[in-house]
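First comes the structure, then the notes that go with it.
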Amino acid sequence: MDILIVDDHMIIRRGLMQLLAEHPQAGLLGEAADGPSALAALRGACYDVVLLDIALGERDGLDVLKSIGAEFPGMGVVMLSVYPESQFAVRAIRGGARAYLNKGCSPDELFRAVSTVGAGGYYLPPATAALLAQNVRRDAPGAPHDALSNREMQVLRLLAQGRTVSEIARQLSLSVNTISTYRARICDKLGARTAVDLFAYATRHSLCAS
């Protein structure tokens, strides 16, 4: 299997490459630090599996997942993130990922996920499978942030980390007015009135991780 690792932290990329080199099926191991680099790498080589982080700076990993699905339909993507399954697993699987793992998973579980996805299947640990089952029930209540778009979720996380509107605009290469509009939409959907309200909500729902 040829595997592309997409993460904006070099140490994590190199660590994953060393770890995956021990996988008996590992072939070419590539790396990319952001969405554009990942898409360029996929255009230049025939990868079987992509390990994709959610927090990628300018482009949210879920947006990159959407681009991968549009340009490379059927590509096996494993989302690997610091965020708990309860927050992003369903969103990622719905977006086209075939597995969602927390970065605290064991090497054995990572190997199982990569092998399963590389063979064309889905790797759904019990916690993720339970979340998906709950989500397909029409009467299952969802958290307010489930109604946020991927970009709104990205802006919420950055606001919860204490970033200013100007800082977020620079990081995402968007205008200050656009970020302010996102913030207003987020506040409306979450019933928040102040930055303190947003931080409190994000803290309660474990959305503050960087």
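The values are calculated or read from the model by the stated rules, or taken from the named source; none is laboratory data. Everything quoted here is computed from the prediction, not taken from an experiment. Note that each Cβ is placed from the backbone with ideal geometry, even for glycine, and that neighbours are counted across all protein chains shown.
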When Q161 is run through (1) under 22 Å from G61 (Cβ atoms); (2) out of contact with any helix residue (DSSP H, G or I) (no Cβ under 7 Å at 6 or more places or on another chain); (3) at pLDDT below 80, the failure sits at (3)
Expected single match for among the polar types (S, T, N, Q) and at pLDDT below 85 among S180, S175, S206 is S206
Of the residues in region 1-25 that are touching a Phe, Trp or Tyr at 6+ places or on another chain (Cβ under 9 Å) and buried (at least 18 other Cβ atoms within 10 Å of the Cβ), the one that is nearest to K66 (Cα to Cα) is L4
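With the structure loaded, tell me whether L28 is modelled with pLDDT under 95, surrounded by fewer than 17 Cβ atoms within 10 Å (Cβ to Cβ), touching a Phe, Trp or Tyr at 6+ places or on another chain (Cβ under 9 Å) and over 16 Å from A113 (Cβ atoms) or whether it fails that test.
It is true that L28 is modelled with pLDDT under 95, surrounded by fewer than 17 Cβ atoms within 10 Å (Cβ to Cβ), touching a Phe, Trp or Tyr at 6+ places or on another chain (Cβ under 9 Å) and over 16 Å from A113 (Cβ atoms).
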